[in-house]
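Following: one structure in structure tokens, then a few remarks.
The values are calculated or read from the model by the stated rules, or taken from the named source; none is laboratory data. Just so it is clear, the model here is predicted, and its values are computed rather than measured. For neighbour counting, all protein chains shown are included, and Cβ atoms are generated from backbone atoms with ideal geometry for every residue, glycine included.
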Amino acid sequence: DGGITQSPKYLFRKEGQNVTLSCEQNLNHDAMYWYRQDPGQGLRLIYYSQIVNDFQKGDIAEGYSVSREKKESFPLTVTSAQKNPTAFYLCASTQKGQGIRYTFGSGTRLTVV
Amino acid sequence: AQSVTQLDSQVPVFEEAPVELRCNYSSSVSVYLFWYVQYPNQGLQLLLKYLSGSTLVKGINGFEAEFNKSQTSFHLRKPSVHISDTAEYFCAVSDSGNEKLTFGTGTRLTIIP
């Protein structure tokens with residue numbers, strides 16, 4: 001079955017370390033998104049990519065970086081510049097031009113200690 | 001730019017009672033509207049969506065929502081809730097020419113046995 005795989009499900013890191021969250025999809029979707037979820041704040045868009053080798057900042061891009069070297073993969077790096085990195089991170093994808101049908105991964109919970 | 005307001009952060013409801021989760025949006029253009037459900041530590045699952053046509057939209061798990069353009073609302077309803085409906089519910093909006101979603105802050109639905 002096609003879907004989005006986020007790994008790992010739980011991630012612990014020491015303060016000041018960069019960490020990369022994986023997001024892989026086998027849906028052949030063009031567009032991919034990263035959201036951050038905090039209690040009471042809903043989902044906020046970090047970065048998105050509509051095509052390979054191109055991506056745009058979302059509403060809260062500071063302290064994060066992404067790459068899109070392959071259509072299937074959209075890794076997110078949480079850098080040491082992100083002041084409050086502990087959160088639940090969700091990856092999503094959608095196929096352009098076929099209406100808005102988002103598929104979400106099951107998320108990665110990052111805890112920085 | 002569009003925005004979504006979910007005024008109720010938590011809604012407790014007795015089992016088999018009806019429920020309404022409120023969602024209001026603001027946008028200067030035509031919109032698509034969505035309701036998603038999230039179970040603990042999981043991704044989001046689409047409940048229903050309004051793109052065009054009939055303003056009453058039926059979704060999965062017995063949920064329905066009504067698009068009211070004059071009141072800029074898209075409230076979610078279920079006539080009789082079950083324990084398994086305990087989850088967080090997110091309303092989301094996209095302007096009809098753009099595939100980016102803007103989410104509300106979520107409503108936590110708790111079913112009381």
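Observations on the model:
- Residue pairs meeting the criteria (Cβ under 7 Å; at least 6 apart or on separate chains; first in contact (Cβ under 8 Å) with a residue 60 or more places away in the chain and more than 28 Å from B:Ser96 (Cβ to Cβ), in segment A:73-97; second part of a loop (DSSP other than H, G, I, E, B) and polar (S, T, N, Q)): A:Val78/A:Asn18; A:Thr79/A:Asn18; A:Ser80/A:Gln17; A:Ser80/A:Asn18
- When segment B:42-63 is filtered for residues that are surrounded by 12 or more Cβ atoms within 10 Å (Cβ to Cβ) and not aliphatic (A, V, I, L, M), the ones remaining, listed by number, are B:Gln42, B:Gly43, B:Gln45, B:Lys49, B:Tyr50, B:Thr55, B:Gly59, B:Asn61, B:Gly62, B:Phe63.
- Just one of the listed residues (A:Thr79, A:Thr111, A:Thr103) is out of contact with any Cys (no Cβ under 7 Å at 6 or more places or on another chain) and closer than 16 Å to A:Thr5 by Cα, and it is A:Thr103.
- Segments classed as strands (runs of 3 or more DSSP E), wholly inside segment B:14-113, with at least 2 members that are under 21 Å from A:Tyr89 (Cα atoms), modelled with pLDDT under 95 and over 13 Å from the mean Cα position of the chain (by Cα): none
- So A:Gln17, is it on the phi < 0 side of the Ramachandran plot and either modelled with pLDDT under 95 or acidic (Asp, Glu) (or both): yes
- Residues of segment B:16-39 satisfying the condition of being surrounded by 17 or more Cβ atoms within 10 Å (Cβ to Cβ) and within 12 Å of another protein chain (Cβ to nearest Cβ): B:Cys23, B:Val31, B:Tyr32, B:Leu33, B:Phe34, B:Tyr36, B:Val37, B:Gln38
- Failed item, numbered, when B:Gln42 is tested on (1) away from every other protein chain (no Cβ under 13 Å); (2) closer than 23 Å to A:Tyr35 by Cβ: (1)
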